[in-house]
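The structure appears below as structure tokens.
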Protein chains: 4
Amino acid sequence: MQIGIIGLGKMGGNMAERLRRAGHDVVGYDRHPEVSDVADLDELVQRLQAPRAVWVMVPAGDATRATVDKLCEALSPGDIVVDGGNSHYLDDKKHADQLGERGIGFVDAGVSGGVWGLQNGYALMVGGDAENVGRLMPIFDSLKPEGEDGFVHAGTVGAGHFAKMVHNGIEYGMMQAFAEGWELLEATDIVTDVPGTFASWRTGTVIRSWLLDLLVRALDQDPDLAELKGYAEDSGEGRWTVQAAVDHAVPLPAITAALFARFSSRQDDSPAMKMVAALRNQFGGHAVTSVEGQHAKGADAPGADVTPPFQGGH
Amino acid sequence: MQIGIIGLGKMGGNMAERLRRAGHDVVGYDRHPEVSDVADLDELVQRLQAPRAVWVMVPAGDATRATVDKLCEALSPGDIVVDGGNSHYLDDKKHADQLGERGIGFVDAGVSGGVWGLQNGYALMVGGDAENVGRLMPIFDSLKPEGEDGFVHAGTVGAGHFAKMVHNGIEYGMMQAFAEGWELLEATDIVTDVPGTFASWRTGTVIRSWLLDLLVRALDQDPDLAELKGYAEDSGEGRWTVQAAVDHAVPLPAITAALFARFSSRQDDSPAMKMVAALRNQFGGHAVTSVEGQHAKGADAPGADVTPPFQGGH
Amino acid sequence: MQIGIIGLGKMGGNMAERLRRAGHDVVGYDRHPEVSDVADLDELVQRLQAPRAVWVMVPAGDATRATVDKLCEALSPGDIVVDGGNSHYLDDKKHADQLGERGIGFVDAGVSGGVWGLQNGYALMVGGDAENVGRLMPIFDSLKPEGEDGFVHAGTVGAGHFAKMVHNGIEYGMMQAFAEGWELLEATDIVTDVPGTFASWRTGTVIRSWLLDLLVRALDQDPDLAELKGYAEDSGEGRWTVQAAVDHAVPLPAITAALFARFSSRQDDSPAMKMVAALRNQFGGHAVTSVEGQHAKGADAPGADVTPPFQGGH
Amino acid sequence: MQIGIIGLGKMGGNMAERLRRAGHDVVGYDRHPEVSDVADLDELVQRLQAPRAVWVMVPAGDATRATVDKLCEALSPGDIVVDGGNSHYLDDKKHADQLGERGIGFVDAGVSGGVWGLQNGYALMVGGDAENVGRLMPIFDSLKPEGEDGFVHAGTVGAGHFAKMVHNGIEYGMMQAFAEGWELLEATDIVTDVPGTFASWRTGTVIRSWLLDLLVRALDQDPDLAELKGYAEDSGEGRWTVQAAVDHAVPLPAITAALFARFSSRQDDSPAMKMVAALRNQFGGHAVTSVEGQHAKGADAPGADVTPPFQGGH
């Protein structure tokens, strides 16, 4: 079928290519003219035959919002917009309502696949009403990996991005579990063949997984990870997972631990631990030095104005 | 080769069977005579030709210690004992030293595989010196799954059980990550096809894994897990992982969160949360009722003896 | 000075009373006519002399928003509104902007004190510009406890509620720390005089605090907390603290642990732990029973379709 | 009464001084002759009249064990040994049994007080049988702070050190709660007077405490804690608290978070986060670069041997 794609970066460009290989008529627009099939968004709309389908694959947030605004004006009733970016699930409802007022359909699609997607297909989680999702099935069928899995119509508008968000939350937790296990093995020196141990786990164990395969590959390239800094960005979806959990009173200790570990990894020094050090100084051994140093000055010794109120309080 | 196996329960029995199918000469002893090949441990030793290899597959702790004590007396210099149970890695060193004084070798083997091991093989992590491990390789080769993975000589004595312990710690963290993601999906009602969403993730995503396959199977059998109580035992190895981390000053937040979640799952009511409730009662709305009820009694009103010391303290 | 107070519940009513005792001219409005000085909000405004000061003490969220909407119409340029409820700090900016367009000032005030506030005073954290805060100082001075502490002008609009929010987050963490310590003492039976131990800590230790005093009082009334359920609500501010931390990439593990413990305390059964139990069933001992039970049925045995893909994958 | 004290360091020396000021006959021994009253431990024993009381105040672990060994030989039936150091509670039982075989009594004493103890007294938590504790009450009464609190006979042998251990665990959690709150305030810049905010909380709030007083003092000396590194040692008792909790299946999330935060604070770089970074590289954007770089080399491109097994597996 015919589809327009807005945003021909790493993800959008490969998806367009995969769809073309599958025989679809793809018209791509990108703000970089050298990769764009059309001069602007208006020409994209003109090139598509109604009822149109337009897949938006631009950064979440402002860029997606601006694109939806423009499409809301340029498209016609009966057209459909798909947001395949990493939008927050609460934005989907807004976009669906905004487009819906003009009779334009909306589907949100969480897309997983990264650099292997072009060849192996993209895992898709989509949200929207059945009719809109149904019209887009030829596209979804070509994008998804072969086999029975890799695609789900997860629910109404927002469900696709919500599912993708939770997927990423689980991913955070799993990566953290592997990372902690590796650190413990490295720290203890009891297991002397750490890469071999991880490699052995790829068969017959409970933890065999694609992440384990990647971990083994990483240790194969750099057995001590000596080339790397212990620094990890977070993509936004980990934060949204924790915030959604807090909104809904769901305890999420392991995934949250993974998120906080990433936050900490980006700090040169921990402010909280400065405060812990400061408190230890106040009541502990370091303070002794200060006490002795300050005794000469007289009344300013630690404890002088601190302890008595509590001391006498009981 | 010839090997004695002590303990022919679910694990030991299947391992004996797998070794026999591979052509090994297995002599098994179990305290239940109906499954045992010999009357007692002495007969087991007599039936084996020196230098002997004896695989101990009994519960960790007292049972394993008692078995090692007996073997220390019954075996001869040059024999080897393998502890394939779930022993603590610090016990391995003690057993190796104890047996070593009599010239008997020792190898510890962490074994993974559960109910599929007989058919598919057991993942093995072994610790010991190279000569002892080398002599046992025919046994390890037959027990392990086909292919290049599934076996590692992880280090010297203790390394096998340590590796298995860390494997289980990682497993705790991964299971918790999946469990948290499922709870969030169930709690929010945004994704309406939760089993389908997990099923879709089996292809093309970062989190594809054997645990995900098991999770999909579990939801297939019981989509809401309505048949289950939220109650999870811990095997001991999760605790040891956390304790080893604490001993070595390694932060392990996600794995520890998984362990604590299991502890909590077995409490009818949380004592800690009783205390939180009690504290909230003391300073909050509930206390108001008490205050009013006690005002008639006069001086016993809350706050009377609590607040003034701090109030006046500053 | 003269002040209007909207909302004469437990907090607002006591604050009005404390201000009257201090000689201020308080006009109170409440939707319950029996406690209200005026018939409606319009009469409240009429009774106050310009430039007016109106303290809003109604539930955060819709009720506060609706009250601000009405005051925005009813008040005049030069008047000031104080939001003393538990509003989210991001709402403060909206209210300040909304009122500011009509020339009406806005100050947010985080108020702590609970049932002892009437007698001992209310700790106040306020946000707003210096002029508005300055005009209200006679009110703040009468509400706050005696002594030099108990009041802070924390920053511009929103800072008061933000400070109160962080205060409550710290409170969550401290309460959780005490509660965990108590649970450990109760669970181990090594310390046989638990209430006496906590009581002894009130003098000379690092953890002496008002919360410890409250804890001792609670154990004095009910030594095993046998009368209480391990169930704890959360006030909203704990959630906001965690969400603000996530927004700003600040790791907050202890406070978040406290929040999650409250979430868990309100669950009859843990959905996440159901999933952990389900996964354990799939690969563990329970599954054995099923395997044997189902072997008679043939191909449906667990593992049949699960294991091979991974088994053959390596 | 007469008492011997072994170990006249910062703690032991001040305790000896406090006891002398109270009129007790103190004979002190220290391996540094310049502060010791006697030449060696034998002379100490000779100088004391039977039945003797000897307070051991040396580092926990080897030093305490060695001292108990020597006292076991040098003392006589009817004498009492007090271990006032930071020993592990499980060591107490061993020491009590060892001394008990010779008819020598044993009491363990957890001691809190730090640099203010000499002047203000030491909070004491003691374990042992009633007779032994009773005999030492004159000493305890002089060491403890004035007032009714500051001393508890917590239970039998080990209970004193266990109580002190839990006290320190709670202390870890409380310090972490304050530290996290401070970091959040500093990170967000919404509250512009952070030291003033903490200072204000000293009166009328739920979190008023001695630690808050210390925190305010620390910020008074260094408002941004610019002089400090975010580095915090742990004393051992925090680790023991977590390990005791794990032993007894007690969830301790906030206190454990505090312990792990200290572990992390001492790492130059987080090994776990290196692994997270490595995994992100394997499946994410960075890997793209590698893929392109390696495509020229042919079959070695990432994904080639990683993806197919899982891809084809379903």
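Every number here is computed from the coordinates shown, using simple stated rules; none is lab data. Since the structure is predicted, the reported quantities are computational estimates derived from the model, not experimental observations. So basically every Cβ, Gly included, is an ideal-geometry build from the backbone, and we count neighbours across all protein chains shown.
Residues considered: D:G128, D:G196, D:G169. Largest GNM mean-square fluctuation over chain D, using C-alpha springs under 10 Å, is found at D:G196.
Derived scalar couplings between HN and Hα for the stretch B:163-172 equal 4, 4, 4, 5, 3, 5, x, 4, 4, 4 Hz in order, rounded to whole Hz, by the Karplus curve 6.51 cos²θ - 1.76 cosθ + 1.60 (θ = phi - 60°), x for Gly and Pro. Basic side chains Lys and Arg get +1 at the Cβ, acidic Asp and Glu get -1 at the Cβ, and with that the dipole of the protein assembly as shown about its Cα centre reaches some 0 debye.
Where both bridge residues fall in the protein assembly as shown, DSSP classifies roughly 20% of the beta bridges as antiparallel.
Dividing the convex hull volume of the alpha-carbon atoms in the protein assembly as shown by its residue count gives 205 Å³ per residue.
When B:G134 is represented by a point 7 angstrom out along its Cα-to-C-beta vector, the spacings to that point in the other copies are 7.0, 7.1, 8.9 nm, nearest first. The order of D:R20, B:R202, going from fewest to most other C-beta atoms within 10 Å of their C-beta, is D:R20, B:R202.
Near the amide H of D:G284, within less than 5 Å, lie no amide hydrogens of residues on another chain or at least 5 residues away, with H placed in the peptide plane.
Compared with the rule-of-thumb size 2.2 N^0.38 Å for a compact globular protein, chain B has a Cα radius of gyration ratio of 1.38. Each residue of the stretch D:209-216 is assigned a 3J(HN,Hα), and the resulting list reads 5, 5, 4, 5, 4, 5, 4, 4 Hz, derived from the Karplus form 6.51 cos²θ - 1.76 cosθ + 1.60 (θ = phi - 60°), x at Gly and Pro.
Across all Cα atoms of the stretch A:121-258, the radius of gyration (one decimal) and Dmax (whole number) stand at 18.6, 59 Å.
Seen from A:G238, the other residues with C-beta closer than 9 Å to its C-beta sum to a net charge of -1, counting Lys and Arg as +1 and Asp and Glu as -1.
For the options B:H161, B:H95, B:H32, a Gaussian network treatment of chain B with springs between C-alpha atoms closer than 10 Å singles out B:H32 as fluctuating the most. Between helix C:10-21 and chain C there is an angle of about 30 degrees, using the helix long axis and the longest principal axis of the Cα atoms. Result for chain D in a Gaussian network model with C-alpha springs under 10 Å: among D:G284, D:G28, D:G100, the largest mean-square fluctuation is at D:G284. Compute the acute angle (0 to 90°) between the alpha-carbon long axis of helix D:237-247 and the principal axis of greatest extent of the alpha-carbon atoms of chain D; round to the nearest 10°. The two axes meet at around 70 degrees. The calculated P(r) of the stretch C:2-157, using every Cα pair and 5 Å bins from 0, goes 2, 10, 21, 25, 23, 14, 5, 1 in percent. Exposure proxy ranking for D:M125, A:M1, based on other Cβ atoms within 10 angstrom of each Cβ and starting from the fewest, stands as A:M1, D:M125. Taking amide H positions as modeled 1.01 Å from N, with prolines and chain starts lacking one, the residues under 5 Å from B:G105 and 5 or more places away or on another chain are B:G78, B:D79, B:I80, B:V81. Computed 3J(HN,Hα) for the stretch A:60-66, one whole-Hz value per residue from the Karplus formula 6.51 cos²θ - 1.76 cosθ + 1.60 where θ = phi - 60°, is 5, x, 4, 5, 5, 4, 5, glycine and proline marked x.
The length gained on full extension between A:E43 and A:D269, counted as 0.36 nm times the residue separation minus their Cα-Cα distance, comes to 76.2 nm.
Nearest beta carbon of chain A to the A-to-B rotation axis, with distance in whole angstrom: A:S209, 2. In this structure, the residue pairs whose Cα-Cα separation is over 25 Å, taken from C:K93/C:K164; C:K164/C:K274; D:K70/D:K93; A:K164/B:K144; A:K94/A:K144; B:K10/B:K164, are C:K164/C:K274; A:K164/B:K144; A:K94/A:K144.
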